[in-house]
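Okay, structure first, notes after.
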Amino acid sequence: KKNNMSNTIYYLNLLMPLLYLAAFGIYLYDFIKSRRRLHNSKRLILFLTLILHCFYLLIRTFAFNHPPITNVFEIFTVLAFGIGFSYFVLELATDIRGTGPFIIIFSFIFQLISSIFIKDLIEVKDVLRSNLLGVHVLHALIGYAGITISGVYGFLYLMLYKEIKTNKFGLIFERLPNLEILEKLSFYSAIIGFLSLSVAIIIGVIWLPQAFPDFSYFDPKLVASSLIWIMYGVGIFAKLTKKWVGKKVVMFSIFGFIIAIISTILTNFLASSFHSFY
């Protein structure tokens, strides 16, 4: 059974980047050619990719008796899933399918890096075997995936805005949704990120003090995540109360994405944290 499971993990690890590449390819082809008959098939390919990816994550969890969060390359495959899943939910909620290649490319890149460098770890710290910790990390990564997607839509908004201002109406103008829809997509993505981060923070506040004797509420990663959560909460409130509209919302999404990336780099490489497992 162990050999069969190991073989399954091995082949799924090889297959996942190819599936994301196929999904990206068909979304890109449809973006360039605008073939209506591909509208449903490309969504189906992404759906099947996410189902197999979910199975891959689960089988790794059972095989090695820990969630796939024990090293950066396991986290990369979870992040690839989080980005793909967040986009899929957004596409289902809005039925806007023309922006897929700009999002799915990130899932492909993260999964490709993961598939190349990932290792099968059996001996890990006991705390990493907690499924609750796995849920905490998964929601945190989906939260940052939502923030990333929100930032991407912000950049697409600026690209389209520039084409309109300069009267250069190319493929971007022809294929992308209008500015109002791109603003909504950026905002909805931010909501996905905010809600997922909320779940991650709630689990962290309740469970982490019990799991880590040296836990501190002033832990750099916890402080950074909380500040980002507050920032997005304020931004979402400003949008809902119509204090921010149009380009202000988009610039907030881009600014929030940049801040999230910078804080992640600083807290991972320059700060000491009980979150450092590997």
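The values are calculated or read from the model by the stated rules, or taken from the named source; none is laboratory data. Every value quoted in this text rests on a predicted model; they were computed, and no experiment measured them. Methodologically, a virtual Cβ is constructed for each residue, glycine included, from the backbone with ideal geometry; neighbour enumeration extends over all protein chains shown. Accessible surface is based on the protein model in full, side chains and every heavy atom, while ligands, DNA and RNA are left aside. Shrake-Rupley method; radii C 1.70, N 1.55, O 1.52, S 1.80 Å.
Observations
- Its residue count N sets the reference 2.2 N^0.38 Å, and the alpha-carbon radius of gyration of the stretch 29-72 equals 1.73 times that reference.
- Per residue accessible area of the chain, 1.4 Å probe, in Å²: 51
- Identified option (computed mean projected area of the Cα convex hull in nm²; candidates (i) 15.5; (ii) 18.7; (iii) 14.5): (i)
- By average C-beta atoms within 10 angstrom, highest first, the peptides 169-181, 95-107: 95-107, 169-181
- Taking only protein heavy atoms and a 1.4 Å probe, the accessible area of the stretch 138-243 is 69% carbon and sulfur.
- For H39, the accessible area of its heavy atoms, probed at 1.4 Å with every protein chain present, is near 50 square angstrom.
- Accessible-area value, K243, 1.4 Å probe, nucleic acids and ligands omitted, Å²: 140
- Were the residues from F47 through T8 laid out at 0.36 nm apart, the gain over their Cα-Cα distance would be 12.0 nm.
- Approximate spin-label separation K33-F212, in nm, with each point projected 7 Å along Cα-to-Cβ: 5.0
- Sorting the segments 112-120, 26-34 by their residues' average number of neighbouring beta-carbon atoms within 10 angstrom, most packed first, yields 26-34, 112-120.
- The chain - percent relative contact order, Cα under 8 Å, separation 6 or more: 19
- At the residue level, I259 shows approximately 60 square angstrom of accessible surface with a 1.4 angstrom probe and all protein chains present.
- Working note: Debye formula, equal point scatterers on the alpha-carbon atoms of the stretch 1-157, no solvent; log10 I(q)/I(0) at q = 0.09, 0.11, 0.20, 0.21 Å⁻¹ is -0.30, -0.44, -1.24, -1.34.
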